[in-house]
Amino acid sequence: MRKLLIVLAFAGVSMCSMAQDADPTLKHSVATNSFWSNWFIQVGGEWNAWYSSEEHGNGLDRSPFKDFRSSPAASIAVGKWFTPGLGLRTKLQGVWGKTVYADKAGKPVGDDNKYWILNEHALFNLSNMLCGYNPNRVWNFIPFAGAGFGRTMTHNLYAMDLSVGILNTFRLGQHVALHLEAGWNRLETDIDGGTEKSIGNRGWDSHDNNFYGELGLTFNLGKASWDRVPDVDAIKALSQSQIDALNAQLNDANAENARLKDMLANQKPAETPATVKEFVTTPVSVFFNINKTNIASQKDLVNVQAVAKYAKENNSRLMVNGYADSATGKPKYNQWLSEERAKTVANELVKMGVSRDNISTKGNGGVDELSPISFNRRATVQVSE
């Protein structure tokens with residue numbers, strides 16, 4: 001049993017190899033949870049071995065698996081973690097035990113001894129203490145120590161005890177874990193019903209001792225995790241580094257803008273392409289519905305606005321020609337219709353800011369220049385030389 005405790009202790013020291021996720025803005029310290037957070041319940045099955053004060057000097061086999069000193073048992077515990085590294089639990093264990101002694105022939109005897117032991121344990125999660133809190137850690141190494149009292153129901157005896165051990169938990173999920181525990185309960189007075197007359201100063205076997213190994217489940221109740229405290233200094237440093245990076249980008253952008261402005265300032269004015277003049281001297285058409293003098297679509301005025309803008313900027317004269325289709329109506333009527341269409345467009349040019357003195361209109365009557373025939377119901381605007 002002592003070898004098992006030593007092996008588990010060395011295993012616990014190596015727990016720091018299970019590294020936790022590092023966040024530069026969070027410290028290892030955590031915020032304290034409410035009283036109702038981080039509670040747990042444990043249930044387990046045990047194999048316990050008794051070493052009685054009555055067997056001293058009889059040379060009985062020390063193996064914890066001998067029938068005369070070992071038997072199965074059960075346990076239940078409830079506890080709470082106050083920090084990720086420190087907790088308390090109340091544990092009740094027992095039912096079946098043994099009273100160990102040697103008969104007159106020196107042979108080992110193990111009488112049945114029903115008992116229970118109730119302890120209060122202080123728990124020390126060395127994994128969190130040494131390696132920092134990690135809610136996703138699979139294995140936690142937890143030594144414990146405490147005290148309590150026990151009772152043998154077979155002999156109706158009570159005794160105070162001291163208790164130490166090692167608890168190992170293996171995470172199965174957020175609210176459940178498998179636990180493996182090894183412990184030692186040292187009873188201060190006789191509890192197994194033996195008849196030892198003189199205890200004296202004989203070391204550890206001057207008292208009744210109960211060693212046990214346990215396998216069970218731990219159930220976390222409610223909130224089982226801890227919120228890590230923000231590292232204000234780290235946040236400030238990170239924010240400052242981000243600000244410095246943005247300032248560097250802004251400086252680069254300002255330098256590029258200055259370079260482009262300098263290029264524009266030193267660039268020779270571009271000559272006006274000939275295509276501009278060709279555009280403004282090309283007739284722009286505005287279409288009308290049959291027998292109508294109002295413009296069919298206001299969208300047609302978009303290009304007229306471009307011609308009007310050019311005329312205003314260059315004080316140019318504009319010529320507006322009106323047309324009707326020759327397939328509809330008589331020539332006299334078509335002449336009147338074409339003149340009215342030209343006047344309609346001229347009025348629109350005046351609204352756009354062109355001086356009426358710079359606008360000439362002409363009605364061209366009915367024509368058959370375009371196909372389909374409806375395209376001849378139009379008026380055109382162009383810059384006149």
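The values are calculated or read from the model by the stated rules, or taken from the named source; none is laboratory data. What you are looking at is a predicted structure, and each value in this text was computed from that prediction instead of being measured. Glycine gets a Cβ as well: all are built from the backbone with ideal geometry, and neighbour counts include every protein chain shown.
The table for this structure:
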read-out	value
Selected residue [under 20 Å from Ala182 (Cβ atoms), over 50 Å from the mean Cα position of the chain (by Cα) and of a type outside the set (A, V, I, L, M, F, W, C)] from Lys104, Lys114, Lys66	Lys66
Residue match in region 288-295 (condition: modelled with pLDDT of 85 or more, in the same structural domain as Trp336 (by TED's automatic domain parsing) and not in a loop (DSSP other than H, G, I, E, B))	yes
Extreme residue, surrounded by the most Cβ atoms within 10 Å (Cβ to Cβ), among residues of region 363-385 that are among the aliphatic types (A, V, I, L, M) and at pLDDT below 90	Val383
Extreme residue, nearest to Gly222 (Cα to Cα), among residues of region 149-169 that are out of contact with any His (no Cβ under 7 Å at 6 or more places or on another chain), part of a strand (DSSP E or B) and of a type in the set (A, V, I, L, M, F, W, C)	Ile166
The one condition in (1) surrounded by 13 or more Cβ atoms within 10 Å (Cβ to Cβ); (2) modelled with pLDDT of 75 or more that Phe279 fails to fulfil	(2)
Where Asn303 falls short, out of the listed (1) closer than 20 Å to Thr282 by Cα; (2) in contact (Cβ under 8 Å) with a residue 24 or more places away in the chain	(2)
Members of region 99-146 that are modelled with pLDDT of 85 or more, charged (D, E, K, R) and over 26 Å from Ser225 (Cα atoms)	Asp111, Asp112, Lys114
